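Colleague: The following block contains the structure, expressed as structure tokens.
Every number in this text was worked out from the coordinates using simple rules, so none of it is lab data. All figures in this text were calculated on a predicted structure; none of them were measured in a lab. Cβ coordinates were reconstructed from backbone atoms using ideal geometry, including for glycine residues, and neighbour counts include every protein chain displayed.
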Amino acid sequence: MATTDQTVSGVPGRYASALFELATEHKATEEVGRQLQSFGAAIDQSEDLRRLVRSPVFSSEDQIAALDGVAGQLGITGTTLNFLKLAARNRRLSALPEMIRGYATLLSQSRGEIAGEVTSAAPLSEQQLSDLKAALKSSLGRDVALTTRVDSSILGGLIVKVGSRMMDNSLKTKLQNLKIAMKGTA
């Protein structure tokens, strides 16, 4: 497999690093990671929340008020909630998904793991996730901490990203490749 170098950089990397340092000081790295993952999943599932995070039309006060409501429903408190509000106050919510991925990478590195992301058309079962982690561990020689995303537009199969390597085995990509191949023979 190719390199699995995982660095966090740019504005999202700086925010993720600062949050990781703060969470380490408070001995809350795992809890913050869990809360961020929960918020990231909510962004993936809610078009309204995605719009709130991405759109510059909303004022930071409106974003903070909405974050308070969403955080209450998701059980996000303390350091994580303060971080989300800081990102909103500084007009950086649009970079939040990258910040969450950066934090997950730092958390994985602190555990001696490699961070990865798997995208599927439907939610994966615990057994499927376990099998995928085992296959990646045998290929990479290290444990892989996977975050999951559901994207029905891929139709089937999986897209797995680990470090700088991506394996796209989605039905959507296979159909696109078939379409390109058929155009080439006509």
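Colleague: Could you give each residue of the stretch 137-153 its phi-based ³J(HN,Hα) in whole Hz, using Karplus coefficients 6.51, -1.76, 1.60 with θ = phi - 60°, and x for Gly or Pro?
Modeller: These are the phi-based 3J(HN,Hα) values: 5, 5, 6, 9, x, 9, 5, 10, 8, 9, 9, 10, 9, 10, 9, 5, 5 Hz.
Colleague: Amide H neighbours of Asp143 under 5 Å, counting only residues 5+ apart in sequence or on other chains, H built in-plane at 1.01 Å?
Modeller: Correct list: Ile114.
Colleague: Below 8 Å between Cα atoms, with a sequence gap of 6+, how large is the relative contact order for the chain in percent?
Modeller: Numbers: 226 pairs, mean separation 47.4, N = 186.
Relative contact order for the chain comes out at 25 percent.
Colleague: When all C-alpha to C-alpha distances in the stretch 48-101 are sorted into bins of 10 Å, what percent of pairs does each bin hold, rounded to whole numbers?
Modeller: 26, 63, 11
Colleague: Positive end of the dipole of the stretch 113-186, charges at C-beta (+1 Lys, Arg; -1 Asp, Glu), about the Cα centre: which of Ala134, Leu175, Ala145 has its Cα farthest in that direction?
Modeller: Of the options given, the answer is Leu175.
Colleague: Calculate, axis by axis, the spread of Cα positions in the stretch 1-107 along the three principal axes, and write the results as whole Å, longest axis first.
Modeller: 41, 30, 24
Colleague: Can you quote the Å³ per residue value for the convex hull of the Cα atoms in the stretch 30-186, rounded to an integer? Display every interim value, and only then the final one.
Modeller: Values: hull volume 22.8 nm³, N = 157.
Dividing the Cα hull volume of the stretch 30-186 by its residues yields 145 Å³.
Colleague: What share of the DSSP beta bridges in the stretch 113-186 is antiparallel, in percent to the nearest 5? Could you put the intermediate results ahead of the total?
Modeller: Working: 9 of 16 bridges.
Around 55 percent of the beta bridges assigned by DSSP in the stretch 113-186 are antiparallel ones.
Colleague: How charged is the neighbourhood of Leu86? Take every other residue with its Cβ under 15 Å from the Cβ of Leu86, and add Lys/Arg as +1 and Asp/Glu as -1.
Modeller: Working: positive: Arg14, Lys85, Arg89, Arg91, Arg92; negative: Glu21, Glu61, Asp68.
Local net charge: +2.
Colleague: Percent relative contact order of the stretch 9-111, based on C-alpha pairs within less than 8 angstrom and at least six residues apart?
Modeller: 47
Colleague: Provide the per-residue ³J(HN,Hα) series for the stretch 108-118, in order, calculated from phi with Karplus coefficients 6.51, -1.76, 1.60 and θ = phi - 60°, each as a whole number of Hz, with x at glycine and proline positions.
Modeller: 4, 4, 5, 8, x, 10, 10, 7, x, 9, 10
Colleague: Now for a different question. Where Lys and Arg each count +1 and Asp and Glu each count -1, what net charge lies around Gln176 among other residues with Cβ under 12 Å from its Cβ? Walk me through the numbers before you get to the answer.
Modeller: Numbers: positive: Lys172, Lys174, Lys179, Lys183; negative: Asp168.
That sum, taken over residues with Cβ under 12 Å, equals +3.
Colleague: Tell me, what ³J(HN,Hα) does each residue in the stretch 31-44 have, in order and in whole Hz, if you take phi through Karplus 6.51 cos²θ - 1.76 cosθ + 1.60 with θ = phi - 60° and put x for Gly and Pro?
Modeller: Karplus values, whole Hz, x for Gly and Pro: 5, 4, x, 5, 5, 5, 4, 4, 5, x, 5, 5, 4, 4.
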